[in-house]
Every structure is written in C-alpha cells, then in structure tokens.
1. Could you pull out the residue among Gly86, Gly23, Gly69 that is modelled with pLDDT under 95 and either of a type in the set (Gly, Ala, Ser) or over 24 Å from Ala278 (Cβ atoms) (or both)?
2. Given the conditions (1) aliphatic (A, V, I, L, M); (2) assigned to a loop (DSSP other than H, G, I, E, B); (3) under 18 Å from the mean Cα position of the chain (by Cα), report the number of the one that Leu295 does not fulfil.
3. Which ones in region 195-210 are in a loop (DSSP other than H, G, I, E, B), more than 11 Å from Ile120 (Cβ to Cβ) and in contact with a helix residue (DSSP H, G or I) (Cβ under 8 Å, 6 or more places away or on another chain)?
4. Suppose we filter Pro311, Pro316 for residues that are out of contact with any Ser or Thr (no Cβ under 9 Å at 6 or more places or on another chain) and not in a strand (DSSP E or B); which single one remains?
5. If you go through region 325-338, how many residues are in a helix (DSSP H, G or I), closer than 22 Å to Met131 by Cβ and not small (Gly, Ala, Ser)?
6. What is the one condition in (1) in contact with a Ser or Thr (Cβ under 6 Å, 6 or more places away or on another chain); (2) within 17 Å of Leu309 (Cα to Cα); (3) charged (D, E, K, R) that Lys346 does not satisfy?
7. Being closer than 19 Å to Ala255 by Cα and among the acidic types (Asp, Glu) is the filter here; which residues of region 83-121 pass it?
8. List pairs: first residue in region 78-95 and among the hydrophobic types (A, V, I, L, M, F, W, C), second residue assigned to a helix (DSSP H, G or I) and surrounded by fewer than 18 Cβ atoms within 10 Å (Cβ to Cβ) anywhere in the structure, Cβ distance under 8 angstrom, at least six positions apart or on different chains.
Amino acid sequence: MPQIVKFTSRMDAIQAPIIAVIGDLIRQTPGTISLGQGVVHYGPPPAALKAAAGALDQSSTHDYQAASGQPALLAAIEQKLRRDNGIDVARGSRIMVTAGGNMAFVHAILATTGPDDEVILPVPFYFNHEMAIQMAGCRVVPVATDSRYQLDVDAIRAATGPRTRAVVTISPNNPTGAVFPEQALRDVNTLCRDRGLYHISDEAYEYFTYGSAPHVSPGSFPGAAGHTISLYSLSKTYGMAGWRVGYMAYPEQLAAAMAKVQDTVLICPTIISQVTAAAAMEAGPAYCRQHVATLAEVRDVVLAKLRSLEPLCSVPPADGAFYCCLRVNVEADPMRVAERLIREHKVAVIPATAFGLTSGCYFRVAYGALEKATVAEGIGRLVMGLKAILR
Ligand SMILES: Cc1ncc(COP(=O)(O)O)c(C=O)c1O
C-alpha cells in the first residue's frame, strides 16, 4: 500500500470553486441550460486568429520573453488605456500583462499585503477575489452594499483599520451587473488616497454597459496613479477566455514587487497569446460593442421575465456585465434550490453564497454565453422552476 501523505494546508479553509461544483451537477443532468458560467458566446476577431497562425513558426514564440509583456502588446495597451480609460501611464503607472485578470489580482494582492493584513470587499464579491486574499494569508473584510447592490462608502470607511491595505471595487459588477456611478468610485478612491490604501479596480467588463450607464476608470482621477491598481481582461471583450490574457496598470512603486511575483508564477505571459491579443486590440472595442448590442436585447428579455417573479423574487437594476443577482424574498436554502433547479427543471444558476451573500437566498444569473432563444428558454425554465420550488 502506498503511504499517503496528509497535512492540513492553507487551502483547507478556502471555498471550492463553485463553477466546478455546479458543472458537475449539470453533467449529471443532460439537457440542462446553464445560466451559470460567466463567459461570452463569441470567439476572438478573425484577424487575431490569423495573427496566431502566423506566429506558430516564429522562433520568438517558443522562447522566454520580456516579463511584463511583448512591446507590441504593451504599446497597444498603453494607447487603449489613454483612449478608453483616461489612464496616462506617463503619470506614474506601469503595465504588466498576466495570464488573465485573475492572475493580475493575485499579483496585486501579493505585491501589496503581508500576512494577516486586511482587504475590503464590498458584498457580493467575486469569489476568486476572496479566495486569492485568503490564499495570501490575509483576511477579507466584507462590507454590505445597499438594496441595489451599490457601494456604501460610509460603511467602507468605517471598515478600514490599521491592517487595511486595499479596497476592491468591480464595476460593471460580477455577480450583480451593477454599474457604480462616478461619484461613488471617486469617493472610494479619495478614501484610499487619504488613508494610504490601494484601490484595486477590476474592470473586466469595462465595455459591457447598457443604456446610458457610463463606465468610469478610477485610475483616471487626478492623483490616482500612486494608489490605484486597474485590472483588465481580454477574456470577455474579445472572446478570448481560453487564451488567458489580462493586464494591469499599477503604481510605479510596486514595480519590484510585481516583478518578483511575475518571475515566480509566470516568468512571461504566453507569447502566442500576446500576439493574438495585440491583433485583437487592433480590432478594438468596436468588435465587442457589436456583441454588446445583441446582449442588450438578451438582457431585456432576461430582466422582463425575471421581474414577472415579483414579489416572490426581486431583481435590482443590472446595467452592466451580463449578470443579474436575483433575490428570493422567502426563506430557502440556495444550494438546495440550485440543485433542484438543475435536477427537476434543467436550468443552472449559481447560488450567491459563493459571492459572500451568506444570509438570505440569492442567485447569480449569467446570460452572456448563449444565443437569445436559448437564454429565453433557460429563463422560462428558471421562472417556472422557482415558482414550483418556492411555492
Ligand atoms: C470581475 C472579474 N474579474 C476577473 C475575471 C477573470 O478574468 P480572466 O479570464 O481575465 O482571468 C472575471 C471572470 O469571470 C471576473 O468576473
């Protein structure tokens, strides 16, 4: 018999990735429509795929390259940050390309904290943010948002203490779809500046806004460069989730710390992914906006159907990303309801316990991955299922 080595580890206290848990249930129930995973239904721009094919026989594709990213991609990012985000890196920021926005977040936490430090996450949060903070040996300080999932800046201020190192905001938001107004983001950014904290702004859904909701980048505020870390992803914008490309603009004083993390976990971002990313960025946000126009129609259907569940459930405004966070107004166990929705009604949503909504019953509904007709069918099943289960 082989000897099994078994120790406790820092991972024991960390939640299991919920997408995989729900994915298992979906696999056990063929025909389930998944309103679970946060992905888009389209792939990369054709020119990006052509560039990838062209890079296959370049020797540079196969070697280690510059740690922060390839010069062509860095130049494209610098230009994009200035044009779309109002962030001029010449004002004291650096850019680093990572294997996705998640990795940029991990880098940011490792570079800005020490063991037992605290990071403030407005609730609901993105579960990988909580997981990364805990893996780094830090403590998450959850701060409630209001009934529309908007930031409560006074509560954030009250939650800061001597061990606080950063406040995280995500706008447009995963899991709620809320878009935070400029003033709220300015207030958080100013609070961070005044208290000597970092403001980590996750903008993975920067182009996914509907109606008149504007996207605002806190890194563009005057004086923000010294304490703002802005995170971006090509996963959604260019349908490139599998290519693993994200990047961040971060304050210059963190350059040495970021270089240590990058060298240890990635050495350099995958070269062929960077070539593909640079070509995708040449197609520009217009590529994504055509899909956002379609998603806007899907969103209208989703919100109209879900609102038919009132007063049993409510759906606060969701003007961005491709999520909404449904609140169930009767007592129910979210995991149990999610399981029954899959097994009995063949539709999957994510219990929002994973996003820090630990009291009450909430679900994240994602509508980016499917065609309009499939989403409509899925939402129809969800409405019927919730009515039957919560009756
Ligand atoms: C808020 C947020 N940040 C980051 C990510 C991860 O993006 P990437 O694929 O670039 O790691 C996601 C993915 O769902 C997300 O919702």
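The values are calculated or read from the model by the stated rules, or taken from the named source; none is laboratory data. Bear in mind the structure is a predicted one, so any value in this text is a computation, not a measurement. Quick reminder, even Gly has a Cβ in these numbers, built from the backbone with ideal geometry, and neighbours come from all protein chains shown.
1. Checking each option against the conditions leaves just Gly23.
2. It is condition (2) that Leu295 fails.
3. Residues of region 195-210 in a loop (DSSP other than H, G, I, E, B): 196-197, 203-208, 210.
Still in the running and more than 11 Å from Ile120 (Cβ to Cβ): 196, 203-208, 210.
Listed by number, the residues that qualify are Glu203, Ala204, Glu206, Tyr207, Phe208, Tyr210.
4. Values: Pro316 fails: out of contact with any Ser or Thr (no Cβ under 9 Å at 6 or more places or on another chain).
Just one listed residue meets the conditions, Pro311.
5. So the first thing to find is which residues in region 325-338 are in a helix (DSSP H, G or I), and the list is 334-338.
Those still in the list that are closer than 22 Å to Met131 by Cβ too: 334-335, 338.
Of the ones still in play, those that are also not small (Gly, Ala, Ser) are 334-335.
Number satisfying all stated conditions: 2.
6. So Lys346 meets the others, but not (2).
7. Going residue by residue through region 83-121, those that are closer than 19 Å to Ala255 by Cα are 87-114.
Once the filter is applied, which keeps residues that are closer than 19 Å to Ala255 by Cα and among the acidic types (Asp, Glu), region 83-121 yields only Asp88.
8. Filtered contacts from region 78-95: Val89/Glu78; Val89/Arg82; Ile95/Glu78.
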